[in-house]
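To start, the structure itself, in structure tokens.
The values are calculated or read from the model by the stated rules, or taken from the named source; none is laboratory data. Being a predicted model, the structure only gives us computed values, none of them experimental. Don't worry about glycine lacking a Cβ; one is built from the backbone with ideal geometry, like all the others, and counts go over all protein chains shown. Keep in mind that these areas ignore ligands, DNA and RNA; they rest on the heavy atoms of the full protein, side chains included. Shrake-Rupley method; radii C 1.70, N 1.55, O 1.52, S 1.80 Å.
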Amino acid sequence: MKTIDIGSLFRNNIKNLKPYTSARDEFKEITGDFIFLDANENPFDTGFNRYPDPQQRKLKKVFSELKRVNEDQILFGNGSDEVLDLIIRAFCEPGIDNVLGISPSYGMYEVLANINNVEYKKSLLNSLDYSLNLNDIFAQINDNTKLVFLCSPNNPTGQILNFDDVKRVVEGFDGIVIIDEAYIDFSTEKSWLKMLSQYNNIIVTQTLSKAFGLAGIRLGIAYASAQIIAGLNKIKPPYNINQLTQEKALSVMIDKSYSNNLNTCNSIEKNLLYKALVKLNFVLKVYPSDSNFILIKVTNANEIYDKILKKGIVVRNRTKDDLCENCLRISIGTPDQNRILIDVLKSISESE
Ligand SMILES: *Cc1c(COP(=O)(O)O)cnc(C)c1O
């Protein structure tokens, strides 16, 4: 249990900001027999001539029921990337405040901090098992550290972060901890969502880009205390979630079988791929994965990457990431794609 004074964490200009109010903010009623002449829209029905709901209320209602959080604890972004950017802009004074992330991890945290002229501190994971180095995290946090970015399951390592380790950060840090759960649907471990009622200093981010197979529609979600969400809501672009995205997301979220159908084979395929990978003679290590990809350490990542590419398969070379020397990251494909991948890897292994 932890409650911090969120209000005082926001940047002063954000605290005092008078947000833009759109036509649909000022007149919220969208049902009923009104003639809408308030938003300079085209009056002729194209299916999309009206601005989308700036508060995505239908979508929030569905997410609220599915995830068992209040509607005022939800913020949607144009991908999680927009959500992460809003978080930095709401809390971090450029040139003064700093944020801390783990390394290796998702590269966007650092880029977004840099764009906003906010110092990004990196805490290396423990090299043996990619777990959090708590001593180092707390040694690096100072009075100007506003945010800590944790990614669980982590990208590119693939593993969930230990619950008690994350809890130590959440409880020991008087700022906001972002827990990026882009891959949580692939994990057998529980989401941090259920902890929202106990900690008002966490933001859990999720996305429809991975398990829901909808990277193309760009819908990311932040779940947090109502106070945090209200602050982010104040600074988001008014119509950040377009009509097509809202409609597609709504239809998918009310179809219970939708994501099951897409992900039933992920863990089976992951196991098959895992077993094939450990047998290859250029593979030195296969890391356990709670996600939809596997990280492997090979004898020479650049060489193996090129050989795989020559056979028409694109994997991700992570050899330049901290603690990932000679590592490749491979997404789990369809059963057919994985068979082809395994054949290619075997042929490379035999020729080594
Ligand atoms: C893929 C991914 C995301 C998703 O970002 P979107 O902008 O929602 O597509 C977020 N975080 C991590 C760690 C990812 O790997």
Using R₀ = 41 Å, calculate the FRET efficiency as 1/(1 + (r/R₀)^6) where r is the Cβ-Cβ separation of residue 164 and residue 251; round to 0.05.
0.60
Return one number: the angle in degrees, 0 to 90 and rounded to the nearest 10, between the long axis of the Cα atoms of helix 80-91 and the longest principal axis of the Cα atoms of the chain.
60
Output the peptides 142-148, 217-223 sorted from most to least packed, where packing is the average of other Cβ atoms within 10 Å over each peptide's residues.
217-223, 142-148
Pick from 183, 120, 305: which residue has the top mean-square fluctuation in a GNM of the chain where Cα pairs under 10 Å get a spring?
305
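Heavy atoms only, 1.4 Å probe, whole protein assembly: order 309, 284, 100 by accessible area, highest first.
Working: 309 75, 284 110, 100 0 Å².
My answer, sorted largest first, is 284, 309, 100.
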For helix 243-253, report the angle its Cα long axis makes with the longest principal axis of the Cα atoms of the chain; keep it between 0 and 90° and round to the nearest 10°.
60
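Ratio to report: Rg/Rh of the chain, with Cα atoms as the point set and Rh obtained by the Kirkwood method; give two decimals.
1.00
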Order 167, 279, 58 by their accessible area, 1.4 angstrom probe, all chains in place, largest first.
279, 58, 167
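Given N residues in the range 73-219, what is its alpha carbon radius of gyration divided by 2.2 N^0.38 Å?
On the way: Rg = 14.3 Å, N = 147, 2.2 N^0.38 = 14.7 Å.
Against the compact-globule rule of thumb, the ratio is 0.98.
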Accessible area, 1.4 Å probe, largest first: how do 122, 190 sort?
190, 122
Quick one: what Rg and Dmax do you get for the range 141-183 from the alpha carbons, in Å?
10.9, 31
If you stretched the chain out fully between residue 64 and residue 197, how much longer would it get, using 0.36 nm times the residue separation minus the C-alpha to C-alpha distance?
46.5 nm
Work out, step by step, the length gained on full extension between residue 319 and residue 34: first 0.36 nm times the residue separation, then minus their alpha carbon distance; give nm to one decimal.
96.7 nm
Could you pull out every Cys in the chain that lacks a partner Cys with its beta carbon under 4.7 Å away?
92, 151, 265
Counting every C-alpha pair in the range 272-343, the percent lying more than 19 Å apart is 25
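What are the semi-axes of the equivalent ellipsoid of the range 32-102, taken as the square roots of 5 times the eigenvalues of the Cα gyration tensor, listed largest first and rounded to whole Å?
Details: eigenvalues 223, 72, 22 Å².
Over the Cα atoms of the range 32-102, the ellipsoid semi-axes are 33, 19, 11 Å.
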Across 338, 16, 242, the residue with the highest GNM fluctuation in the chain (Cα network, 10 Å cutoff) is 16
